[in-house]
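Working notes for the structure below.
The values are calculated or read from the model by the stated rules, or taken from the named source; none is laboratory data. No experiment lies behind these values; they were computed from the predicted model shown. Positions of Cβ are generated from backbone atoms using ideal geometry, with glycine treated the same way; all protein chains shown enter the neighbour counts.
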Amino acid sequence: MKIGVKIFCDVEFADYFKDKADFLEVMAIQGKDYSFLENYPLPIVIHAMHHAFGVNVADKTLFEKNLESINFAVSLADRFDAKKIILHPGVLKNKDCSFEQSVDFFQGLDERVIFENMPFKPYLSSEFSDVKDFISRTGMNFCLDINHVIQMAEKLGIDSILEIKKFFTFNPVMHHIGGHRVGIGDIGHRSFDDSDIPLKEILDLFPEDAEITLEVTKDIGKSEKDLELVRSLIA
């Protein structure tokens with residue numbers, strides 16, 4: 001398995017982990033300077049901006065903004081030879097948003113673009129059947145976010161481990177995992193010290209060639225500890 005860390009244009013964070021992580025997952029934020037990644041020693045995965053940045057590919061009124069965002073992500077992927085670009089399928093916020101709009105947007109994008117499952121409705125592609133439908137309609141590869149599956153399962157009152165096992169049947173080409181507190185409606189991205197998910201049980205479900213981004217905290221010390229813990233559990 002290859003274990004990476006996620007950065008938000010943070011030079012100090014990236015430099016600290018360049019000799020520790022196997023790759024970096026970089027959030028492609030328009031207007032930020034990523035020149036520090038030139039000739040970087042680690043492989044790069046790109047994550048396009050999502051709803052927190054005012055982007056929503058399910059919203060037809062945001063088409064130009066959505067296109068600018070994914071084009072920026074593609075330009076970074078070209079610049080740093082990234083093989084994967086992760087894009088959220090969007091959220092049904094109002095009458096201008098639809099599943100069809102999201103599908104239409106994804107079709108014809110750069111072949112490196114993959115989509116990520118989301119935590120619960122009104123986000124698109126949260127439940128197993130929704131993800132299956134999205135794959136069927138777009139032909140896209142898939143990034144499995146473990147914490148989003150846990151959030152979805154908690155919302156529906158179903159077994160999260162069984163759901164995670166089902167999601168692995170999609171043969172995801174990328175994976176996210178972070179700390180999570182069960183039963184409190186948590187949004188995740190915690191350190192594993194501040195988490196009560198069965199981490200070892202979940203990691204045992206991953207294939208040997210999995211690429212896993214740790215979506216934990218932005219604290220360097222805690223993130224290093226999380227990285228060491230995951231390495232010890234998959235050894």
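Miscellaneous remarks
- Counted residues, the range 9-30 - those being modelled with pLDDT of 95 or more, within 21 Å of residue 79 (Cα to Cα) and either in a loop (DSSP other than H, G, I, E, B) or of a type in the set (S, T, N, Q) (or both): 4
- Any hit, the range 77-97, residues being in contact with a Gly (Cβ under 9 Å, 6 or more places away or on another chain) and surrounded by 14 or more Cβ atoms within 10 Å (Cβ to Cβ): yes
- With respect to the conditions (1) touching a residue at least 24 places away in the same chain (Cβ under 8 Å); (2) under 26 Å from residue 31 (Cα atoms), residue 71 lacks only one, and its number is (1).
Each row is one residue, and each column tells you yes or no for (1) touching a His at 6+ places or on another chain (Cβ under 6 Å); (2) touching a residue at least 24 places away in the same chain (Cβ under 8 Å); (3) closer than 20 Å to residue 170 by Cβ.
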residue	(1), (2), (3)
93	no, yes, no
96	no, yes, no
103	no, yes, yes
106	no, yes, yes
111	no, no, yes
127	no, yes, yes
137	no, yes, yes
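- Residues that are small (Gly, Ala, Ser), surrounded by fewer than 20 Cβ atoms within 10 Å (Cβ to Cβ) and either in contact with a Cys (Cβ under 7 Å, 6 or more places away or on another chain) or farther than 30 Å from residue 19 by Cα (or both), drawn from the range 53-76: 54
- Count of the range 6-48 residues which are surrounded by 14 or more Cβ atoms within 10 Å (Cβ to Cβ) and among the acidic types (Asp, Glu): 3
- Search result, residues across the range 164-176 that are without any contact (Cβ under 8 Å) to a residue 40 or more places away in the chain and either crowded, with 19+ Cβ neighbours inside 10 Å or under 16 Å from residue 23 (Cβ atoms) (or both): 172, 175
- Of the criteria (1) out of contact with any helix residue (DSSP H, G or I) (no Cβ under 9 Å at 6 or more places or on another chain); (2) over 22 Å from residue 107 (Cβ atoms), which one residue 16 fails: (1)
- Residue check, residue 6 closer than 18 Å to residue 228 by Cα and modelled with pLDDT under 95: no
- Taken over the range 157-186, residues that are out of contact with any strand residue (DSSP E or B) (no Cβ under 6 Å at 6 or more places or on another chain) and farther than 25 Å from residue 141 by Cβ amount to 9.
- Qualifying residue in the range 125-146 (condition: basic (Lys, Arg), modelled with pLDDT under 95 and surrounded by fewer than 19 Cβ atoms within 10 Å (Cβ to Cβ)): no
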